[in-house]
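Every number here is computed from the coordinates shown, using simple stated rules; none is lab data. Bear in mind the structure is a predicted one, so any value in this text is a computation, not a measurement. With ideal geometry, Cβ positions are generated from the backbone for all residues, glycine too; neighbour counts draw on all protein chains shown.
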Amino acid sequence: MDLINYNLEDIEKAMEFLFKRKREVKDFSFIDAMIYTVAIKNNLILVSKDYGFLGLKNVEIIKNL
């Protein structure tokens with residue numbers, strides 16, 4: 001299992017992203033923003049059931065089965 005590191009710059013970028021995203025998705029949280037920011041930084045695809053990520057690049061939304 002690999003751990004993904006983050007730093008103060010990632011936290012600052014997540015806060016900026018959160019500020020912008022909150023205009024569209026009211027219940028988008030800092031944790032959501034941080035997860036997304038770190039995924040993008042590491043060129044990863046974020047897989048989630050959270051529709052708050054809908055429409056963002058490198059995100060795959062899975063539907064309930």
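Of the residues Ser29, Ser48, the one with the fewest other Cβ atoms within 10 Å heads the list, and the complete ranking is Ser29, Ser48.
Of the GluC sites (Glu not before Pro) found in the chain, those in coil by DSSP whose Cβ has at most 13 other Cβ atoms within 10 Å are Glu24.
Kirkwood hydrodynamic radius, the chain, all distinct C-alpha pairs: what's the number in Å? Hydrodynamic radius (Kirkwood, Cα only) of the chain equals 12.3 Å.
Listed from fewest to most Cβ neighbours within 10 Å, the set Phe28, Phe19 follows the order Phe19, Phe28. Simple point charges give the picture: +1 on the Cβ of Lys and Arg, -1 on the Cβ of Asp and Glu, and for the chain a dipole about the Cα centre of about 300 debye.
Counting every other Cβ atom within 10 Å of each residue's Cβ, Met34, Met15 order from fewest to most as Met15, Met34.
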